[in-house]
Structure formats: structure tokens, C-alpha cells
Amino acid sequence: MIIMSVDLGKARTGIAVSDKGEGFAFPKTVINEYNTEKLVLKIADCAKELSAEEIVVGLPKNMDGSLGWRAEECNEIGEKIKLATSLPVVMWDERCTTISAHTALNFTDTRGKKRKNVVDAVAAVIILEDYLAYKKNRK
């Protein structure tokens, strides 16, 4: 099954996708959009273009596991994505994924404007890899 992941941001939203065998996650794109309705439509277009069968949306929980205002916003956007795509949407804990993405980009010495343009897609890959590992271990 092809699974698409979404790392929601205020200005930039990262998109990643798995292979059909759910073994690998690949960065696909970063959507630059502030307007929630337009963002949801662009995410739905990506899902269609990538032939996604499920969508994983990063849920930014607080470090104590509670849901703050941003997590509530992400839950609302997740519901809108579900309505726009008619696909199953899984909200997935994304604590520390952006930090991990920056660490990964440090190893590749990605800096400046290029780093800013890819960090959200890398965070989406990390979210998806975590979800794929969870699914694999549940089987």
C-alpha cells in the first residue's frame, strides 16, 4: 500500500511517500501555503498524484504527551484532509521529528536556503518511517 505522510507547518508543509511494499519512505515535495483550505486541496492533489491509499499526518504533541493548540489545529486539518481525499487519515505523534530532520541535514552538510526548502520534507520522511516501523512490528 502506498502511504503518504504530511508534516504540517504554518508556512511550509512537507510531503513524503512510501513504496508499495511499505519498506521505504521518500521525500516528495514541500507545499508553501498559509491558507488552510488551499493547503488541504494541495495535499489532496498530492495524494491523488502519488496514488496514496492512506495518509499519515504529524501530530505535534507536547513533550508530556498532551495536546496543545497546534495539535488541535492539526487534528482539524487532518479531518479536512480525510473529507477532501476520502482516504483513511492517521494522526501520528511527531515529537522531535523536526529536530531529527535538522540533525540528518547536518550529516549531509545541507545549509542555508536549500536546508530551509527540504527540512519539512525530511521531517515528513521521519514521520512516515516511524509509522512504517510501527506497522511492521504490529504484524
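The values are calculated or read from the model by the stated rules, or taken from the named source; none is laboratory data. All values derive from a computational prediction rather than experimental measurement. Counting neighbours? That spans all protein chains shown, and the Cβs are built from the backbone with ideal geometry, glycine included. We work out accessible area using only protein heavy atoms, side chains counted, and drop any ligands, DNA or RNA first. Shrake-Rupley method; radii C 1.70, N 1.55, O 1.52, S 1.80 Å.
The figures follow:
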item	result
Normalised contact order of region 1-57, rounded percent, pairs of Cα under 8 Å and 6 or more residues apart	42
Rg(Cα) / (2.2 N^0.38 Å) computed for region 1-65, rounded to two decimals	1.14
Estimated inter-spin distance, Ser51 and Glu72, nm [label 7 Å along Cα→Cβ]	4.1
Average accessible surface area per residue within region 1-94, 1.4 Å rolling probe, Å²	52
Whichever aspartates and glutamates have a C-alpha closer than 12 Å to that of Lys42, once near sequence neighbours (fewer than 8 apart) are set aside	Glu33
